[in-house]
Amino acid sequence: MKITRRDFIKSSLVLGGSLFLPQKILSAASRQKQGWHPAYAKLESEGRLAPRIEQAYSLLRKCELCPRQCGANRLAGEHGFCRAPGKVVIYIAQPHFGEEISLVGQQGSGTIFFSNCNLRCVFCQNWPIAHEGQGRELEDEDLARMMLYLQKLGCHNINLVTPTHVMPNIISATRIACKKGLHIPLVYNTSGYERVEILKILDGIVDIYLPDLKYMDGEKAAKYSAGTSDYPEVAKEAIIEMNRQVGQHLVDQRGIALRGLMIRHLVMPNRVAGTEKFVKWVAEVLPKSTYVNIMHQYRVEYKAYEHAEICRAITAQEYLEAMDWAVMEGLTNLDPRSVALYKFYARKQNWQSRIP
Ligand code: SF4
């Protein structure tokens with residue numbers, strides 16, 4: 001089949017330039033015909049959203065929201081490992097243009113950065129927010145107002161950054177905002193350190209899961225993420241559940257994400273992240289068309305300089321081998337910007353490129 005220049009440009013725009021097999025595409029017409037609505041709106045229309053809020057809030061009395069299961073009574077003012085209070089603490093809410101292309105589109109991803117964190121990595125890039133808890137304590141109504149404001153600015157989604165420890169507040173705010181007209185997808189942007197039982201409460205509320213899979217080795221996880229030797233197993237189970245709930249990355253005709261799983265994996269120096277094992281696991285356990293972003297932007301931040309193994313940026317070779325492993329495992333839906341970067345480095349390094 002002859003591909004015209006016009007076809008090529010059109011497909012590049014829709015697929016964000018990926019030469020890999022695309023995510024499912026839902027046209028504006030079929031989106032309307034199928035009556036596409038965000039997951040939470042459907043749940044609300046069935047009267048099933050309010051009980052989830054009660055269920056989630058009850059967990060704050062003896063907090064077991066994340067795998068640390070501290071048992072802190074956050075409603076009575078106690079703090080657990082994450083140091084989060086019962087109310088939501090927010091550092092900033094703004095359109096963000098540095099996320100994946102299908103989240104950013106023309107108008108940006110409506111990011112809301114929650115303060116505190118249940119994982120607390122030594123190389124955290126957001127350490128003033130995640131470790132020090134900088135931000136303002138707010139009511140769920142304020143969070144709902146922020147969601148509506150980001151939608152009004154034209155953002156394509158509400159991108160909840162580090163949401164695990166404030167999940168009850170998020171569901172509550174989503175319902176308030178939904179009743180006032182919120183209609184864009186909800187993105188759950190998490191470290192991956194999640195309990196399956198808790199994710200089940202989010203089933204039918206979240207449209208897009210955006211989890212990290214940071215390590216494949218428990219010792220590395222324990223060393224660099226505050227003792228979480230169970231991280232690899234916990235995060236893998238969590239991602240399987242996320243995939244069950246939302247399935248494959250689905251975009252509309254403009255290439256804007258509507259639903260699905262998008263996995264992030266940050267390549268670390270000296271193969272600390274276990275990238276080869278990571279791509280093998282995805283290929284074996286999930287559909288090969290799962291959206292995977294092999295990220296290159298590791299920086300020496302916070303206390304990473306105290307650890308010789310992670311006290312440098314990654315090399316071009318480390319990134320190239322990581323992408324090679326992904327291609328060799330047959331992953332077909334790699335992030336378009338990762339693919340572009342791979343090609344750029346491959347040319348510069350005279351690397352035998354595995355991507356045409
Ligand atoms: S969310 Fe925070 S308080 Fe709750 S179990 Fe996790 S670390 Fe502990």
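The values are calculated or read from the model by the stated rules, or taken from the named source; none is laboratory data. Since we're looking at a predicted model, the values are computed, not measured. Cβ: placed from backbone, ideal geometry, glycine included. Neighbour counts: every protein chain shown.
Structure summary
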item	result
Single residue of region 290-317 satisfying the filter (within 17 Å of the chain's Cα centre (by Cα) and in a loop (DSSP other than H, G, I, E, B)) that is surrounded by the fewest Cβ atoms within 10 Å (Cβ to Cβ)	Q297
V88, sole failed condition from (1) more than 12 Å from the ligand (Cβ to nearest atom); (2) touching a Lys or Arg at 6+ places or on another chain (Cβ under 7 Å); (3) of a type in the set (A, V, I, L, M, F, W, C); (4) under 19 Å from S191 (Cβ atoms)	(2)
Near pairs, Cβ below 7 angstrom, 6+ apart or cross-chain, from region 229-242 (surrounded by 20 or more Cβ atoms within 10 Å (Cβ to Cβ)) to any residue that is modelled with pLDDT of 95 or more and among the polar types (S, T, N, Q)	Y231/S225
Residue match in region 17-27 (condition: within 26 Å of K236 (Cα to Cα), surrounded by fewer than 17 Cβ atoms within 10 Å (Cβ to Cβ) and either among the hydroxyl-bearing types (S, T, Y) or at pLDDT 50 or above (or both))	yes
Residue in region 131-147 that is crowded, with 21+ Cβ neighbours inside 10 Å, modelled with pLDDT of 95 or more and part of a loop (DSSP other than H, G, I, E, B) present	no
Selection from region 32-85 of residues that are of a type in the set (K, R), away from the ligand (no atom under 13 Å from the Cβ) and in a helix (DSSP H, G or I)	K33, K42, R52
Given (1) aliphatic (A, V, I, L, M); (2) more than 16 Å from the ligand (Cβ to nearest atom); (3) outside any helix (DSSP H, G or I), number of the condition L160 does not satisfy	(2)
